[in-house]
Amino acid sequence: MAVRPVLASGLLVLVVAFAVLLTHAEPRRSGTDYTPNANFAAKLNPGQQTCQAHELLPADTAAVRMTIGTYGAPGSRVSVSLTGLRGEALTAGSLAPGWRQGVVEIPVAHVHVASGDATACLRNDGPSRIAVAGDSGDSFHTMQVAGRTIQNAQVLYEYMRPGSESWLQLLPTAVYRSTLGKSGLVRHWAWAGALALMGLAIGLALRTIMREGAEA
């Protein structure tokens, strides 16, 4: 079998698959606190809330995604708020009654500027108890539940970007984030260098395959 037609077909399939992946739009995260979704870390009676500090609130956040249990009852009103170090309001929102237990998204006011040390609070505004998922027992964090300090526990907060986006639309954001945490010497060209090295590796691999096929 000729090597070049096989390689061309394989490359065509890869290009089409890559294009589909890049252009597929769906809800995207702007960030997360990386808490494992292991168990229900906080149980809230009506009127109670849970708060935890040291949350990284990313820019371009328009909703907070959480896992909330209702013990089988219809979901009632819950509200979330995030405040800064001096107690200033960063964003807030609520979820109207009628939702079902599980993964829910609470819409909040759009966040334009990131905050590196926010306090996140979830309040049960409904008439029945709820449970909020996160991690307890293996975490080094603390949180407040109904005014009490709970050791080794944390709620999972996932921050969502507005609407649905493709990876192609997110490319400028990905490029910008790739420059963070790097020295000034490499931060503005490291992403391009990584792409160039990947292209070089693919080119060398194809050249080797074609050479081996020609000698066979």
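Highest average first, the peptides 8-18, 23-33 ordered by how many other beta carbon atoms sit within 10 Å of their residues are 23-33, 8-18. Here's the picture: a label point sits 7 Å out from the Cα of V103 along the beta-carbon direction, and within region 27-45 the residues with their amide nitrogen under 16 Å of it are 27-39. Across the chain, C-alpha contacts under 8 Å between residues 6 or more apart give a mean separation that, scaled by the residue count, equals a relative contact order of 30 percent. To the nearest 10 degrees, how steep is helix 190-215 against the longest Cα principal axis of the chain, on a 0 to 90 scale? Computed tilt is about 40 degrees.
Among A133, A96, A53, the residue with the largest mean-square fluctuation in a Gaussian network model of the chain, with springs joining Cα atoms closer than 10 Å, is A96. Applying the Karplus relation 6.51 cos²θ - 1.76 cosθ + 1.60 with θ = phi - 60° to region 36-48 yields 3J(HN,Hα) values of x, 8, 9, 6, 8, 8, 9, 10, 10, 7, x, x, 8 Hz, where x marks Gly and Pro. Computed from the Cβ-Cβ distance with R0 of 41 Å, the FRET efficiency linking A59 to E212 stands at 0.25. Take the chain with all the other protein chains still there, run a 1.4 Å probe, and you get 60 Å² of accessible area per residue. Taking 0.36 nm per residue of sequence separation and removing the Cα-Cα distance, the L197/V16 pair yields an extension gain of 63.0 nm. Helix 3-23: angle to the longest alpha-carbon principal axis of the chain, degrees 0 to 90, nearest 10? The helix 3-23 is inclined about 20 degrees to the chain. Based on Cα atoms of region 1-43, Rg over Rh with Rh as the Kirkwood radius reads 1.39.
For the chain, the normalised intensity computed at q = 0.11, 0.15 Å⁻¹ comes to -0.68, -0.99 (log10 of I(q)/I(0), Debye sum over alpha carbons, equal scatterers, no solvent). Over every Cα atom in region 1-129, the radius of gyration and the widest Cα-Cα span, Dmax, amount to 20.9, 72 Å.
By accessible area, using a 1.4 Å probe on protein heavy atoms only, region 77-206 has 62% of its surface on carbon and sulfur.
What the Cβ-Cβ distance of R29 and S9 gives, at R0 = 30 Å and to the nearest 0.05, is a FRET efficiency of 0.25. Running a GNM on the chain with Cα contacts under 10 Å, which residue among G126, G84, G72 ends up with the highest mean-square fluctuation? Fluctuation is largest for G72.
What base-10 log of the normalised intensity I(q)/I(0) is obtained for region 24-98 from the Debye formula, alpha carbons as equal point scatterers, at q = 0.18, 0.27 Å⁻¹? Scattering profile of region 24-98, log10 relative to I(0): -0.96, -1.60.
Charged side chains reduced to their Cβ positions (Lys and Arg at +1, Asp and Glu at -1) give the chain a dipole of some 80 debye around its Cα centre. Ordering of 188-201, 152-165 by packing is 152-165, 188-201, highest average first (other Cβ atoms within 10 Å, averaged per residue). Of all the options I68, I202, I150, the one that moves most in a Gaussian network model of the chain with Cα springs shorter than 10 angstrom is I202.
Our helix-only sum for the chain, with -39,500 (n - 2.57) per DSSP H run of n ≥ 4 divided by its residues, gives a mean residue ellipticity at 222 nm of -8500 deg cm²/dmol. When the accessible area of region 1-58 is computed with all protein chains present and a 1.4 Å probe, what percentage of it is carbon and sulfur? The value for region 1-58 is 69 percent carbon and sulfur by accessible area.
The values are calculated or read from the model by the stated rules, or taken from the named source; none is laboratory data. From a predicted model like this one, the values you see are computed outputs, not experimental measurements. Positions of Cβ are generated from backbone atoms using ideal geometry, with glycine treated the same way; all protein chains shown enter the neighbour counts. We work out accessible area using only protein heavy atoms, side chains counted, and drop any ligands, DNA or RNA first. Shrake-Rupley method; radii C 1.70, N 1.55, O 1.52, S 1.80 Å.
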